[in-house]
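Here the structure is laid out as structure tokens; the discussion comes afterwards.
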Amino acid sequence: MQPGNRAPGSAPPPPNANSMAAFLPAIAALVACVAPLASANLGILHSIPEGHVGVYWRGGALLPTISEPGYHMKIPFLTTYEPVQVTLQTDEVTNIPCGTKGGVMIYFEKVEVVNKLNKVVNKLNKAFVHATIKEYGIQYDKTWIYDKIHHEINQFCSAHSLQEVYIDLFDQIDEILKELIQRDCTRYVPGLEIIGIRVTKPSIPTSIARNYEAMEEQRTQALIAAERQKVVEREAETDRRKAVMEAEKVAQTSRIYQEQKLAEKESNRQQEHIENEIYLAKQKSLVDAEVYRLTKEAEANKLKLTAEFLELEFIRAIANNTKMFFGDKIPAMVLDQRLLGSSFRNKLNQ
């Protein structure tokens, strides 16, 4: 069998390198033609960046297709697309004129609105994105943020005086605008969420600004004077407290000293009392001893009072009192010891 012929029912031969190389120029030409189309909105291939979803129009009609981030295909020239941001974004509304209730024209230089079109995570939120774009177009934020901010700020200014807008209620404007815009968005644009609003201080006429500056200067001076007065009062209060603390310290020291003196007096009194008791006890002991001595001595003397002892004592007394008499006549006294002894015994017996 010749190489160019193939038997019936046999498998085709595998492609070789020569046949593959024959198609490379055609593939390169196709890529060269498709690349310019892919880079344009009217091309076939397009990409949706992260944080966005893709919406499509065909012949001016919005298609129900919502694409996720990444590369996608579409019909060139017939289908157009736009990426719609579904993450947090900040829209700046600038140079907003408004007139107050008193007729003064003021300008809000910038109002920042932080908002988000609900993230595409399910079919329900895709319906929100689709309904929002279908109802208000790709520039939906111009209707519900830029124009709405102008409208609500003018409504607010027309209902309040310059003093209220510029001073009294300025710290509440952010929340007031957020509440008003979110209320209408919840009703008409369910997929649009207002996260926060920041309002800068409005510009007012120069003459009025000078008056406010003068008022603020006077208020500042009054605050400074009030703070000085508070400082003086605090210093006086501090001095008073110091004086009270010093007086309490002196009084406490004096009280401690007096208590110490009283304790010393009490200690001395107790010591004297103890010494007196000791002295009294000693004297009592001495007196008791003397009484005991005298009692015993009396008892001893009583035992001594016998006729013989008295006679002996009488003789001793006579002997100790012996007198010498000289002269012609002597005292008529006769001493009879026996008679005297008998006399003593009779006395004792009686």
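The values are calculated or read from the model by the stated rules, or taken from the named source; none is laboratory data. In this text, all values refer to a predicted model and were calculated from it rather than measured experimentally. Note: ideal-geometry Cβ built from the backbone for every residue, glycine included; neighbour counts use all protein chains shown. Accessible surface areas use protein heavy atoms only, side chains included; no ligands, DNA or RNA. Shrake-Rupley method; radii C 1.70, N 1.55, O 1.52, S 1.80 Å.
Some values worked out for this structure:
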| quantity | calculated |
| --- | --- |
| Separation in nanometres of the label points that stand 7 Å from Cα toward Cβ, at GLU135 and ASP171 | 3.7 |
| Spin-label model distance (nm) - GLU264 vs ASN211, 7 Å beyond Cα toward Cβ | 8.0 |
| Which listed pairs, of LYS116/LYS201; LYS101/LYS230; LYS74/LYS134; LYS134/LYS178; LYS74/LYS116; LYS74/LYS178, have C-alpha distances above 30 Å, in listed order | LYS101/LYS230; LYS74/LYS178 |
| Sites ASN154 and MET73 - FRET efficiency at Förster radius 45 Å, r taken between beta-carbons, to 0.05 | 0.45 |
| Protection-proxy order for peptides 134-142, 234-242, 148-156, 184-192, each taking the mean of Cβ atoms within 10 Å per residue, highest first | 148-156, 184-192, 134-142, 234-242 |
| Simple spin-label estimate for TYR107 and ALA225 in nanometres, 7 Å along Cα-Cβ | 3.7 |
| Solvent-accessible area, 1.4 Å probe, carbon plus sulfur percent, for the range 84-235 | 52 |
| Burial order of peptide ranges 166-179, 272-285 (average beta-carbon count within 10 Å, highest first) | 166-179, 272-285 |
| Calculated FRET efficiency for the pair LEU294/PHE314, C-beta based, R₀ 22 Å, to 0.05 | 0.35 |
| Length released on extending from ASP147 to ARG234, taking residue separation times 0.36 nm less the Cα-Cα span | 25.9 nm |
| Rounded FRET efficiency, nearest 0.05, which uses the C-beta distance separating LYS249 from GLU277 and R0 of 56 Å | 0.85 |
| Value of relative contact order over the range 90-249, rounded to a whole percent, pairs C-alpha under 8 Å and six or more apart | 29 |
| Segments 213-223, 308-318 sorted - mean Cβ within 10 Å per residue, highest first | 308-318, 213-223 |
